[in-house]
Amino acid sequence: MSKQRYLTLAFDDRETVKILPPTFTDAEAMAWAWVQPPPGASFHLRTPVEFASIQASRLVQGPYLYITSRIPTSLPKLRMGCVWKSSRMHLLPRRWLFPQSRSSEMPATFNLELTPGRTVALETFCDSGDLDMSRTQGGTLVDGNFWGVLKIVHKDDTHSMDFNGTKLTSHIPNDFFLDQRTISKLVVATKPTIARCTLTIVAPKEQSCELVVSLAPTWSFGMAYPVTEKQGNRKLKYFLRVRPEGYLEHFDSDIVVTSLYYEAMPDPSQGDLVSYITPANGYAMPTAQFVPHISKVLDDLGLSIGSRTSFINNAVASFGSHKNVAYRFMQPHRLSAAIDLQVMVDPCVFRRIFLMWRGVTDEEMLIFVGAGEKEAATKNWKAAIGLQEGPDMQSLRVIDTSIMECA
């Protein structure tokens, strides 16, 4: 009769003794059933080195030897013995078992005093990405809770920010370093979302016209060229002489150009712009496929070679900063409600193309299955943007092309 062997499992402040299963897979399943971690949690086993074989423990720096399903087959080949048959197994500590509670993320509360006696509290989370806030640069674990409150106080012309909580001393330490990844994230976070719009006017004959660009209350203007008359913060007015060769003579600035440029910025408080592009209304593909794909789409929408070349040249650097790109075109009624164009010439035909796009990670590409380059190539974009077939050569034609990164 063989001697019965036992396995001790320890997790957090709990401990139990089980009969040693015949295989590592059975031992792992038994430990999983005992701990019952939440779905998606990272689950690992480890054993103290004093319970492992001498051959195995001499290769380990630290008090524990971590065990995977590969060890029972790899270690015997090295003639070190089968480590999973040791008399004790530990589970990883709670702070390692549940990745969602890693100290790379912590809650933060900001109290903003709008006016004396009127305070708004902003509850959010601070995320350090792959940098663990619970460890020092040398990897030493820091015990304790991380908390703090940032208060912004307004008094007359004095605006101050007071932080209450655990913080460093006021002087800069000698070993202080600034991670470039943090700076890159700050630059992206502070960059406003801008729709860059270009207006081209084609006329059958030389004529004068008045063009008015009006924005909805949730939008505002940025830069504009040529610089023109602004009526408030949401209306631009151009007085132009249009020539058949495609030139536009701007009377106010006495400048001749081939197109007009203006920037429109949406109010960031209106919602997360990233949610504007989803698998339900957009398409996603690798950047290497997106650039030639969008060039073909613009060609199908009737843009000239020069117009679509300038369109892509001005945005290709932004496209290249992402591995994957998701995009859609704004619907005509929504575009007119956000940015309205009026030309005091009759008859006049408008062709408006407003491209919205954003970068997509490899993980997020999984939700765009069924909404990729193949599906986008079969989309009838002319119908989607309300494009009329066959331009009227006897009418004044206004071609409005816009692009906005929803970040």
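Annotations
- Elements of type strands (runs of 3 or more DSSP E) contained in segment 201-243, each with 2 or more residues being at pLDDT 90 or above and within 20 Å of VAL345 (Cβ to Cβ): 207-215, 235-242
- Residue selected from segment 12-58 under the condition modelled with pLDDT under 75 and among the acidic types (Asp, Glu), by the criterion farthest from the chain's Cα centre (by Cα): GLU50
- Residue match in segment 286-300 (condition: in the same structural domain as PRO266 (by TED's automatic domain parsing), in contact with a His (Cβ under 7 Å, 6 or more places away or on another chain), more than 19 Å from PRO266 (Cα to Cα) and not small (Gly, Ala, Ser)): yes
- Among the conditions (1) on the phi > 0 side of the Ramachandran plot; (2) surrounded by fewer than 12 Cβ atoms within 10 Å (Cβ to Cβ), HIS333 misses just one, which is (1).
- If you filter segment 351-397 down to residues that are among the basic types (Lys, Arg), in contact (Cβ under 8 Å) with a residue 60 or more places away in the chain and part of a strand (DSSP E or B), you find that the one that is surrounded by the most Cβ atoms within 10 Å (Cβ to Cβ) is ARG358.
- Test: residue in segment 262-285 that is outside any loop (DSSP other than H, G, I, E, B) and either outside the structural domain of VAL202 (by TED's automatic domain parsing) or over 24 Å from the mean Cα position of the chain (by Cα) (or both): yes
- Check on LEU9, more than 46 Å from the chain's Cα centre (by Cα) and at pLDDT 75 or above: no
- Segment 336-346 - residue that is among the small types (Gly, Ala, Ser) and more than 25 Å from the chain's Cα centre (by Cα) and, of those, surrounded by the fewest Cβ atoms within 10 Å (Cβ to Cβ): ALA337
The values are calculated or read from the model by the stated rules, or taken from the named source; none is laboratory data. Here the structure is a predicted model, which means the values were calculated and not measured. Here Cβ is always computed from backbone atoms with ideal geometry, including for glycine, and neighbour counts include all displayed protein chains.
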